[in-house]
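The numbers here are math on the coordinates, done by the rules we state, and not lab data. Treat the numbers as computed from the prediction; the structure is a model and nothing was measured. Glycine also receives a Cβ, built like all others from the backbone with ideal geometry; neighbour counts cover every protein chain displayed.
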Amino acid sequence: MKIQSTRAPVPFFSQRATFEALWPRIADGLDEVLDGGKFSHGRAVAALEADLAAWTGARHVIGVNSGTDALVLLLRAAGLRPGDEVVVPAFSFVASASAVVLAGGRPRFADIDPETYALDPAAASAAVTGRTRMLMPVHLFSRMADMDALGAVAGAHDLRIVEDSAEAIGMRHRGTHAGLLGAGGVLSFFPSKTLGAIGDAGAVLTDDPYIAETVAALRHHGRPGPSLHNFPAIATASALPGTNSKMDDLQAEVLRAKLGRLDADIARRAALAEAYTARLTGAPGIRKVPTGSVFYVYLIEADDRDGLAAHLAARGIGTEVYYPRPLHLQPCFADLGHRAGDFPHAEAACARTLALPLYPDLADGDVGVVCDAIDDFYRGGNR
Ligand SMILES: *Cc1c(COP(=O)(O)O)cnc(C)c1O
């Protein structure tokens, strides 16, 4: 007997209907993987890389097994040396900074611009020291970092830009896809991301053939592929051993199927975001609604954020706090010697922001249900 699952009135995330619609296409793909007998780093991965290159406009896409690994291998291929510093925003997912450590470098935190939630160019410039080699803008939620100003900072200090574009699939700056504005960028295909697998996967995007070949070798134990020739720089990068960060073909087939409807999914997310914005702009308790045209999550700033989240949870409405603690106050980075108050905009974002449900499977009426419950919290004397 099939056990009936209890579905919250509005879960924070669900892609049940998406997968039901795509299942025949995914099943065909999996059949091919089973027939071909190569389950990792096989034909489906190569096909996905080509599909993603066409979709993003990247000259090179290298599939790996997570967004985190994509960042680590990209930093190494872009020339990060042991002890080099990378400027990273204090408001991000931990992987932005832990990838720097895993690549042998040292994160140098800087505050965010409260409008974009991304690295503030002036703060980034002020954080640069004689050991700083790279800037890592992170494009969060629905907006991109100010890449023109950050490009100027990089130019002035002779730094490379490596973008954490893990959440930014579909975002473009004057026509150029996120991740292709500096040395390279990454995509994460973690299940909840805009293009999500049914497990972990990620990719590096770059227009730089040297970075592409180096990442391709590093993901596979440092082994150069058949098309690679001996070029001196790879020997330098290979001074550190390669790793096993190959992508599974099963994930690649799921991603190829979902990529076929990514434009429609992005449009659906934008329509839902517009419906939220129409209801929440200027509403009591809501300090800020997001802007943008590509939405990974719908992030509001709200008074008594935790009270609101608890009120919504009691009504079966899922929310998430991205991110509850700024990176400079995470225990793992305590050695860097920061204290509360060092990056006030990052700290304020952690205290006030709340992500509301936003995904293609969300029903039109769900936005109204969520907004009614928010209204009820601020007007209804529930506080
Ligand atoms: C998801 C994410 C990552 C890491 O990606 P994984 O695939 O989960 O390893 C890195 N940075 C940001 C900003 C992310 O949102």
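Residue pairs whose Cβ atoms lie under 7 Å apart, sitting 6 or more positions apart in sequence or on different chains, and linking a residue in the range 70-98 that is closer than 15 Å to Gly179 by Cα to a partner that is more than 13 Å from the ligand (Cβ to nearest atom) and of a type in the set (S, T, N, Q), are Ala77/Thr214. Going by the structure shown, is Arg315 of a type in the set (D, E, K, R), surrounded by 14 or more Cβ atoms within 10 Å (Cβ to Cβ) and either farther than 30 Å from Gly83 by Cα or within 26 Å of the chain's Cα centre (by Cα) (or both)? Yes: the conditions hold for Arg315.
Being touching a helix residue (DSSP H, G or I) at 6+ places or on another chain (Cβ under 6 Å), more than 20 Å from Asp200 (Cβ to Cβ) and not in a helix (DSSP H, G or I) is a description that does not apply to Val61.
Taken over the range 242-299, residues that are of a type in the set (Gly, Ala, Ser), in contact with a strand residue (DSSP E or B) (Cβ under 6 Å, 6 or more places away or on another chain) and closer than 23 Å to Leu73 by Cβ amount to 1.
When Asp164 is tested against the conditions (1) in contact with a helix residue (DSSP H, G or I) (Cβ under 7 Å, 6 or more places away or on another chain); (2) within 12 Å of the ligand (Cβ to nearest atom); (3) of a type outside the set (Val, Ile, Thr); (4) more than 17 Å from Val64 (Cβ to Cβ), the lone failure is (4).
Quick grid of which residues meet (1) over 30 Å from Asp263 (Cα atoms); (2) of a type outside the set (A, V, I, L, M); (3) surrounded by 20 or more Cβ atoms within 10 Å (Cβ to Cβ):
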{"residue": "Val101", "(1), (2), (3)": "yes, no, no"}
{"residue": "Gly130", "(1), (2), (3)": "yes, yes, no"}
{"residue": "Val162", "(1), (2), (3)": "no, no, yes"}
{"residue": "Ala166", "(1), (2), (3)": "no, no, yes"}
{"residue": "Met171", "(1), (2), (3)": "no, no, yes"}
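The number of residues in the range 293-305 being over 19 Å from Val321 (Cα atoms) and buried (at least 17 other Cβ atoms within 10 Å of the Cβ) comes to 1. The set of residues in the range 173-194 being closer than 23 Å to Tyr298 by Cβ, more than 10 Å from the ligand (Cβ to nearest atom) and either free of Cβ contacts under 8 Å to residues at least 24 places away in the same chain or surrounded by fewer than 23 Cβ atoms within 10 Å (Cβ to Cβ) (or both) consists of His173, His177.
Residue pairs whose Cβ atoms lie under 9 Å apart, separated by 6 or more positions or on different chains, with the first residue in the range 297-320 and within 21 Å of Leu140 (Cα to Cα) and the second in a strand (DSSP E or B) and hydroxyl-bearing (Ser, Thr, Tyr), are Leu299/Thr353; Ile300/Thr353; Glu301/Thr353; Ala302/Thr353; Arg305/Thr353.
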